[in-house]
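To keep things clear, I will list the structure first and then write my remarks on it.
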């Protein structure tokens, strides 16, 4: 069994190497029925390599020496300590070395269901030429050491090719072409040739997945192993999600002049359904790209319609199980009750379908900490109202969770003004997640300073990325008039920070020195070599009736590592996000235990949101009294029940929405369970200023909820509440 596992690990390792370093050479030996095909030109004669940026970097590096000298010594060192482990590592090295050297193809032809268990049918083919027989003997020795008699593996020579085959009978021909081979080569397959025409045909690396054939294999496994109910559910899920709309995927990478070009094509023709409907979005125009300053060192822009995604998911769930759709709707309804706004129609739908994220030095110092996200809402006022409701709910949920756990800290949402710019933020250490809606745009960032810098750029309308020669050259190089997404990285600007990361990663090889194996002290070239071979990198994607297309260019493979820009702060940001999430979740679990208090808190949050929106429309002034607040709230579809404390036991009269406005307002003022304390105040009121509070006899005199100047709500026991209210009267 252990030998079987070792052999499979070798085969998987070969596949991973082919993917990572992995084309249509040797595709003439791959059967047309291959579900997965990966090809690699080999290191001996890589087309386009001579004179490329990549060659210049490799020539000045010691990376080849690590693989040719350090790694074999390390394997021998391991063997002295553990002979078995050393032998296994040597087998892996002996198998992967020829895969890297010669033109090689990996293919997976599916599963054979005729035996006791499904058997994979796959192969690895190396075009070794005159070295074919010597390589066959070498691979056969590896298989003899690692092989399992129950696993059908064979190593053969066919012409100038050596093949390692798994899952085929001893007398069964697996390879296509050549003397005695199968006639159904992948190169003769019309679908493969058509897809190849969408990408770079003479690439160094190629990947092709026949998704139609993949589903036939999955269908066979389901038919064999699932019962009738499970098969029916499988068909429902696949059909609802629309996965069968994807026919094939092909990706190629290779040299284009001195640069490295990647092409991807996903065949997914119209009409599309299910999740594939998300592909059908309006093209990305220059109107949103105009927010990006000319000095941005990196940006990404694309389509993501969150409201449409929710609608598609609801439809998918309904097609799979109508009862599940009801639960989905209940979940949306719960979110609506919690935030006081319809999550989809009032929060998500008003946002625009296109987003931009960028980093620029003059906005907030560049790098990840200075990253800003910009959206152009379809309905600015509605988006602002919806985001405000979500922010208030999130901050108050956190505050409630802390209070219920008697935590000695506070966590809440705040608002700060910088000129006319009102920025809503979450007061946390290390990062200050924030957002603002100003003019036609929603801007979000990790710090208020980022939002301020982004808005100043938008206001100026000067120095735009789309006007730079670098951007225009990239667009001209990549083509595609109507795009759905674009990325841009000014590697000459970001490389100094990224190079430091590369230096650290390159010294992993120094582990060998600790065990007496001398490794090169200089693995990657000095910085000036990189600097001389850096260009702007970027890519575009677009959607046509036949499917999705992507094209990307970079100076050399792996150039993304030189984007740098704040990698060192990723962990703290993730950590803080996890902390904030862990604080918010308990509030949801304990909601039933304090139903009346939570309902009152939600009521006050909605009233606080109405007050903030009123202030935005009235030069920062809050309503003069409870009646003025009620009039504004009712006009904006806030239910009269929001003004009632659930512990009072009062109900809103039936048909109150049909009453004359003055009569409705009279009833609300006479029956509300809350007292208004914001007369004469503005939205500059501090976080400790009381705006509205419950009456002191609420909740059986146990305590009351209080709404403060920054729209957060706290529950105070009676004694503490009295002190808070007295403090506000001083």
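Please sort 100-112, 377-389, 686-698 by packing, taking for each peptide the average over its residues of neighbouring beta carbons within 10 angstrom, highest first.
Highest-to-lowest ranking by the protection proxy: 100-112, 377-389, 686-698.
Can you sort 63, 209 by how many other beta carbons sit within 10 Å, fewest first?
63, 209
Using the Kirkwood formula on the Cα atoms of segment 328-436, what hydrodynamic radius do you get, in angstrom to one decimal?
Result for segment 328-436, one decimal place: 15.8 Å.
Sorting check: for 302-310, 127-135, which peptide has the highest mean count of neighbouring beta carbons within 10 Å, and how do the rest follow?
302-310, 127-135
Using Cβ counts within 10 Å as a stand-in for footprinting exposure, how do 264, 99 rank, fewest first? Walk me through the intermediate numbers first.
Working: 264 19, 99 23.
Ascending number of Cβ neighbours within 10 Å: 264, 99.
By how many nm would the segment from residue 670 to residue 460 grow when fully extended, if each residue of separation counts as 0.36 nm and the alpha-carbon distance is taken off?
The span from residue 670 to residue 460 would gain 70.5 nm if fully extended.
Between residue 724 and residue 625, what is the FRET efficiency for a Förster distance of 25 Å, r being their Cβ-Cβ separation, to the nearest 0.05?
Working: r = 21 Å, r/R0 = 0.83.
Once the sixth-power term is evaluated, E becomes 0.75.
Rank the residues 37, 708 as a footprinting-exposure proxy: fewest other Cβ atoms within 10 Å of their Cβ go first.
Ranking 37, 708 by Cβ neighbours within 10 Å, fewest first, gives 708, 37.
What is the Cα coordinate range of the chain on the first, second and third principal axes, sorted by size from largest, in whole angstrom?
Here the spans come out as 97, 64, 56 Å, largest first.
Answer rounded, prolate or oblate for segment 590-729, using the Cα gyration tensor with square roots of eigenvalues a ≥ b ≥ c: rounded when a/c is under 1.5, else prolate when a/b is larger than b/c, else oblate.
Since a/c reaches 1.5 but b/c is at least a/b, the shape of segment 590-729 is classed as oblate.
Describe numerically, in nm with one decimal, the distance between label points set 7 Å from Cα along Cα→Cβ at residue 659 and at residue 544.
A separation of 6.4 nm, rounded to one decimal place.
Mind checking the full-extension length gain between residue 112 and residue 337? Use 0.36 nm per residue of separation minus the Cα-Cα distance, one decimal, nm.
75.7 nm
Is the shape of segment 196-313 best called rounded, prolate or oblate, per the rule: a/c under 1.5 gives rounded, else a/b larger than b/c gives prolate, else oblate, with a ≥ b ≥ c the square roots of the Cα gyration tensor eigenvalues?
Taking the square roots of the gyration eigenvalues as a ≥ b ≥ c, segment 196-313 is oblate.
Which shape class applies to segment 622-662: rounded if a/c is under 1.5, otherwise prolate when a/b exceeds b/c and oblate if not, where a ≥ b ≥ c are the square roots of the Cα gyration tensor eigenvalues?
Verdict is oblate for segment 622-662.
Given an 8 Å cut-off on Cα distances and at least 6 residues of separation, report the relative contact order of segment 590-729 as a percent.
26 percent
Tell me what the chain gives for mean residue ellipticity at 222 nm when only DSSP H runs of n ≥ 4 count, each as -39,500 (n - 2.57), the sum divided by the residue total, rounded to 500 deg cm²/dmol.
Working: 24 runs with 303 residues, N = 730.
Computed mean residue ellipticity for the chain: -13000 deg cm²/dmol.
Averaged over all directions, how much area does the convex hull of the C-alpha atoms of segment 74-198 cover when projected, in nm²?
Working: hull surface 40.8 nm².
So the mean shadow area of the Cα hull is 10.2 nm².
Please find the FRET efficiency linking residue 697 to residue 324, where r is the Cβ-Cβ separation and R0 is fixed at 60 Å, and quote it to the nearest 0.05.
Rounded to the nearest 0.05, the efficiency is 0.85.
Nearest 5 is fine: what % of DSSP beta bridges in the chain come out antiparallel, could you say?
Approximately 100 percent, going by the DSSP bridge assignments.
Quick check: pseudo-label points 7 Å beyond the Cα along Cα→Cβ at residue 500 and residue 229, how many nm apart are they?
5.9 nm
What's the Kirkwood radius of segment 212-278 in Å, using all Cα pairs?
14.3 Å
Based on alpha-carbon centroids, what's the gap between segment 226-298 and segment 60-96 in Å, whole number please?
Each part reduced to its Cα centre gives a spacing of 40 Å.
Each value in this text was obtained by applying a stated rule to the coordinates, not by laboratory testing. Since the structure is predicted, the reported quantities are computational estimates derived from the model, not experimental observations. Counting neighbours? That spans all protein chains shown, and the Cβs are built from the backbone with ideal geometry, glycine included.
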